[in-house]
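Trainee: The structure under discussion is supplied below as structure tokens; questions concerning it will follow.
No value in this document is a laboratory result; all are computed from the given coordinates. The shown structure was predicted, so the numbers you read here are calculated from the model rather than taken from an experiment. No Cβ is skipped: glycine too gets one built from the backbone with ideal geometry, and neighbour counts run over all protein chains shown.
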Amino acid sequence: MIDGGAPSPFDRPVEAYLDYLASQRRASAHTLTSYRRELRKLADLAGPVDPASLTTAQIRRFAARLHGAGLSPRSVARALSAWRGFFRWRVRHQGATDNPADGIRPPRAPRTLPKNLSPDAMVGLLDVSPDDPLDVRDHAMFELLYSAGLRLAELLALDVDRGVDRALGEVTVTGKRGKTRIVPVGRAALDALEAWRAVRAGIAPAQETALFVTRQGTRLSQAAVRSRLDRWVRRHGEGSHVHPHMLRHSFASHVLQSSGDLRAVQEMLGHASIRSTQVYTHLDFQHLAKVYDAAHPRAKKRGQDD
């Protein structure tokens with residue numbers, strides 16, 4: 001009996017499978033416990049049905065029942081993985097003809113919205129006047145990440161003699177899959193970059209091409225930027241954790257909320273699919289309610305002047 005439950009046609013094959021995992025695959029005790037738990041679910045759902053007679057349609061219904069009972073998509077995926085492994089073992093070692101769990105996908109997990117800072121929080125974070133050389137560099141980096149919505153890797157790949165065109169107010173970067181794009185850069189970021197260029201001249205050796213360099217004059221790493229942003233937020237922010245990609249999220253959300261132009265934001269972010277950009281179409285409900293109350297003529301309270 002699996003896990004002390006009622007007798008089931010699954011009892012013997014499941015025990016044999018778990019013995020195989022322990023002896024032949026050297027599975028850990030934790031893995032064995034997890035597989036036993038997931039196969040117990042399958043046995044309970046199948047009832048008196050023998051494992052050999054289960055069909056793909058039945059396995060799909062079992063997965064749907066788990067999800068309907070409140071299991072998260074990740075939990076359903078974990079169960080399906082265990083079931084798939086069990087039936088695969090039966091095909092290879094027990095003479096079964098097919099794997100009824102093959103090709104069944106778990107329900108899609110809800111897409112989490114990216115975290116971003118409010119426009120006011122971004123102003124508070126970046127509206128500073130740094131004087132220390134490394135702070136001048138950091139200010140330029142963070143202004144550029146937010147102004148152009150760059151990925152961290154794109155920022156650090158920039159060279160001092162190409163990429164940023166101050167006259168045109170543009171930055172040219174190479175993103176994922178080697179795709180090059182041109183993104184507008186705001187005045188605040190351009191001014192911060194000019195301040196950094198003046199400081200950089202006294203730090204970087206002549207042969208170093210990187211736009212953003214360390215104290216020793218070498219190209220910065222991603223880990224170093226994350227560390228410097230943590231330090232910056234502790235000094236100038238509101239105390240919440242901010243990572244470099246959050247500046248890109250903030251750029252996308254703020255531009256989209258102001259312009260409503262999803263295609264333009266897609267181009268500036270370098271997204272291959274519009275679906276990747278659509279995640280930014282969310283609006284803060286409190287903000288939306290305030291806009292509605294202020295703008296809609298039927299939202300005004302009774303007795304309020306027209």
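Trainee: Straight-line reach only, C-alpha to C-alpha below 17 angstrom: list the aspartates and glutamates that residue 41 could link to, leaving out same-chain residues fewer than 8 apart.
Mentor: Filter leaves 3, 11, 15, 50.
Trainee: On to the next question. Go through segment 122-134 residue by residue and turn each phi into a ³J(HN,Hα) via Karplus (6.51, -1.76, 1.60, θ = phi - 60°); whole Hz please, and just put x for glycine and proline.
Mentor: 5, 4, x, 6, 10, 7, 10, 10, x, 10, 5, x, 6
Trainee: Report the net charge of residues surrounding residue 189, where surrounding means a beta-carbon distance below 12 angstrom and charges are Lys +1, Arg +1, Asp -1, Glu -1.
Mentor: -2
Trainee: Then there is this: Go through segment 205-213 residue by residue and turn each phi into a ³J(HN,Hα) via Karplus (6.51, -1.76, 1.60, θ = phi - 60°); whole Hz please, and just put x for glycine and proline.
Mentor: Going residue by residue, I get x, 4, 7, 7, 8, 5, 5, 10, 10 Hz, with x marking Gly and Pro.
Trainee: Another one. Taking R0 as 45 Å, what FRET efficiency do you get between residue 161 and residue 19 from their Cβ-Cβ distance, rounded to the nearest 0.05?
Mentor: With R0 = 45 Å, the Cβ-Cβ based efficiency is 0.10.
Trainee: May I pose another question? Apply the Karplus curve 6.51 cos²θ - 1.76 cosθ + 1.60, θ = phi - 60°, to the phi angles in segment 244-256 and return the couplings in whole Hz, x for Gly and Pro.
Mentor: Going residue by residue, I get x, 5, 5, 5, 5, 4, 5, 4, 5, 5, 5, 5, 5 Hz, with x marking Gly and Pro.
Trainee: Let me ask you something else. Around residue 159, which amide H atoms from residues at least 5 apart in sequence, or from another chain, sit under 5 Å from its own amide H, with H modelled in the peptide plane?
Mentor: Those qualifying (amide H under 5 Å, at least 5 residues apart or on another chain) are 211.
Trainee: Right, here's the next one. Going by how many other Cβ atoms sit within 10 Å of their own, how do 241, 271, 236 line up, fewest first?
Mentor: 241, 236, 271
Trainee: Would you list, by chain and number, the aspartates and glutamates whose Cα falls below 13 Å from the Cα of residue 115, excluding same-chain residues fewer than 8 positions away?
Mentor: List returned: 284.
Trainee: Over the chain, with a Gaussian network built from C-alpha contacts below 10 Å, which listed residue (249, 30, 67) shows the highest mean-square fluctuation?
Mentor: 30
Trainee: Full extension from residue 94 to residue 28: what is 0.36 nm times the residue separation minus their Cα-Cα distance, to one decimal in nm?
Mentor: 21.5 nm
Trainee: Please state the charge dipole magnitude for the chain, taken about the Cα centre, from unit charges on C-beta atoms (+1 on K and R, -1 on D and E), reported in debye and rounded to the nearest 20.
Mentor: Result for the chain is approximately 1240 debye, rounded to the nearest 20.
Trainee: Modelled label-to-label distance, residue 77 and residue 181, 7 Å Cα→beta-carbon offset: nm?
Mentor: Label at residue 77, label at residue 181, 2.5 nm between them.
Trainee: Right, another one. Could you line up 180, 214, 209 from fewest to most neighbouring Cβ atoms inside 10 Å?
Mentor: Ordered by Cβ neighbours within 10 Å, fewest first: 180, 209, 214.
Trainee: Sticking with this structure for a sec: For each of 179, 115, 41, count neighbouring Cβ atoms within 10 Å of the residue's Cβ, then give the residues from fewest to most.
Mentor: 179, 115, 41
Trainee: Another question, if that's okay. Compute the length gained on full extension between residue 267 and residue 115: take 0.36 nm times their separation in residues and subtract their Cα-Cα distance, giving the result in nm to one decimal.
Mentor: Residue separation times 0.36 nm, minus the Cα-Cα distance, leaves 52.7 nm.
Trainee: Using only the alpha-carbon atoms of segment 119-289, report the extent along each of the three principal axes, biggest first, to the nearest angstrom.
Mentor: Cα spread of segment 119-289 along its principal axes, largest to smallest: 51, 36, 29 Å.
Trainee: Turning to a different aspect of this structure: Label-point separation (nm) for residue 11 and residue 234, each offset 7 Å from Cα along Cα-to-Cβ?
Mentor: Rounded to a tenth, the inter-label distance reads 6.1 nm.
Trainee: What does the helix-only formula give at 222 nm for the chain: each DSSP H stretch with n ≥ 4 adding -39500 (n - 2.57), the total divided by the residues, and the result rounded to the nearest 500 deg cm²/dmol?
Mentor: Helix contribution divided over all residues of the chain: -16500 deg cm²/dmol.
Trainee: Per residue, how big is the convex hull around the C-alpha atoms of the chain? Give it to me in cubic angstrom, could you?
Mentor: 254
Trainee: Under the rule of at least 5 residues apart or a separate chain, name every residue whose amide H is placed under 5 Å from the amide H of residue 164.
Mentor: Those lying under 5 Å, H to H, from residue 164 are 172.
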